[in-house]
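Heads up, the thing below is written out as structure tokens.
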Amino acid sequence: MERSIFAVIVGGLLAIITLGGLAIVHSAPGSEPVGEPASPAARPEGDWRLLDPVTYENISVFPVVASYTQDTSSFLTLEEGLAAGEVIVAEQGSEGLARTRDGRPVYIPLPTPSASVNQLVLINRSKRPLLLLAGELVSGGKQDRVIGKDRIVPAGAPPLPLDVFCVEHGRWTGASQFAAAQTIVHPSVRERAAVDQKQTEVWDAVRSGTTMKAAPAAPAPRMSMSDIQGAIATNGRTEAYEKIYQSPAVGVSIDGFVNEVQRRFSQATSGLKGERVVGVVVAYGGEVAWSDIFASGDLFDQYWHKLLRSYAVEALARPTYRAVASRDNANEFLRRLNGRETQETEPGVYRWREIREGQLAQIELDALQPKPMTLHRLLLHRTS
């Protein structure tokens, strides 16, 4: 009898210990069910590292690098799409003429409303979703226009009424279709388009070069307001804004400025191992002002030259402070803001969101297909 009672007690204790062990296994935070292999932890987006700044004159460019990036090969850029004839951007009310890859003309019906300064028609004829960035300039129509907001246009979508801003005051002649998207306007203009969304402020920023309010004793910029006004004051057929880069009215060589920054940038990022440059944080003098970060190194590479040219115009239009921004301040541009948030969503395609915190504005474009990812992240220090 004693043995029998002892066996029952021991058996009960073993059962309690076993059940307790199972309870511990199942209650462990983040653990996988027993018997199933643990899935690899997903790498978080935004796992970035900031390199030392690349400095030249009054600009500092901090490369942003990541050891893991997304696959963005399924997305088409506007520059690629227009060059290949797979994307049509046209004035409203125009004929839908396009050319195939072999050069054959094809007519595609477009909506018939009369032409509008602030709205174009876009058709994505490709088999890939199209990425649009606020500040991309489309040239070749009756007036140069700037894309007003980051968005994604799915493949096979119906003709899209596209909100834009004019950056070429006073001309309404030329072709009804747009031929190229080889320029991104400089940050002061991009800010007015992407954040303020007002045509009058966009045009004011184009004419004045920069919306930054300099101190009375600030050193003079190398590109004056009259330089920029002289460069864009043309009734030529195309590319009025782009004449900022070409006109002899501009007293400095923008290409020379860009080439020197690019040389230093390439040298600073050439030794990376297991990491890719996915974006930059940009400062003018001691002020950190701007950041563009992408989901992949490949996507950054596609936009980098256009972005660098835009940063250079901004630098040349700002006072020539030689101070260098601190790395701590630049790191602030890698954090997520906590402030008032606004969202817009096209179900199954993309989500656009804006967060404002004090003088900072952060805009993120999330692709929802083929897998969720933040394709582009813009953070800027507002100048007003």
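Tell me which residues, restricted to segment 270-312, are aliphatic (A, V, I, L, M) and over 26 Å from residue 337 (Cβ atoms). Selection gives 272, 312. May I ask you to list the residues in segment 255-299 that are in a helix (DSSP H, G or I), more than 14 Å from residue 51 (Cα to Cα) and in contact (Cβ under 8 Å) with a residue 12 or more places away in the chain? 257, 258, 260, 261, 262, 297, 298, 299 - these are the residues of segment 255-299 that are in a helix (DSSP H, G or I), more than 14 Å from residue 51 (Cα to Cα) and in contact (Cβ under 8 Å) with a residue 12 or more places away in the chain.
Would you call residue 160 under 24 Å from the mean Cα position of the chain (by Cα), buried (at least 20 other Cβ atoms within 10 Å of the Cβ) and at pLDDT 85 or above? Spelling it out, it is not the case that residue 160 is under 24 Å from the mean Cα position of the chain (by Cα), buried (at least 20 other Cβ atoms within 10 Å of the Cβ) and at pLDDT 85 or above.
Just checking, does segment 165-174 include any residue being modelled with pLDDT of 90 or more and open to solvent by less than 20 Å² (accessible area, probe 1.4 Å)? Checked segment 165-174: no residue is modelled with pLDDT of 90 or more and open to solvent by less than 20 Å² (accessible area, probe 1.4 Å). Restricting 317, 325, 367 to those that are at pLDDT 95 or above and either over 25 Å from residue 67 (Cα atoms) or not β-branched (Val, Ile, Thr) (or both) reduces the list to 367. Say whether the condition of being open to solvent by 50 Å² or more (accessible area, probe 1.4 Å), closer than 22 Å to residue 294 by Cβ and modelled with pLDDT of 90 or more is met by at least one residue in segment 175-186. For segment 175-186, residues open to solvent by 50 Å² or more (accessible area, probe 1.4 Å), closer than 22 Å to residue 294 by Cβ and modelled with pLDDT of 90 or more: absent.
Among residues of segment 38-62 that are over 22 Å from residue 332 (Cβ atoms) and at pLDDT below 95, those with a beta-carbon under 8 Å from a residue that is of a type in the set (Phe, Trp, Tyr) and open to solvent by 50 Å² or more (accessible area, probe 1.4 Å) at least six positions away or on a different chain give the pairs 43/68.
The values are calculated or read from the model by the stated rules, or taken from the named source; none is laboratory data. Please read all numbers here as calculations on a predicted model, not as lab measurements. Quick reminder, even Gly has a Cβ in these numbers, built from the backbone with ideal geometry, and neighbours come from all protein chains shown. These accessible areas exclude ligands, DNA and RNA; they are computed on the full protein's heavy atoms, side chains included. Shrake-Rupley method; radii C 1.70, N 1.55, O 1.52, S 1.80 Å.
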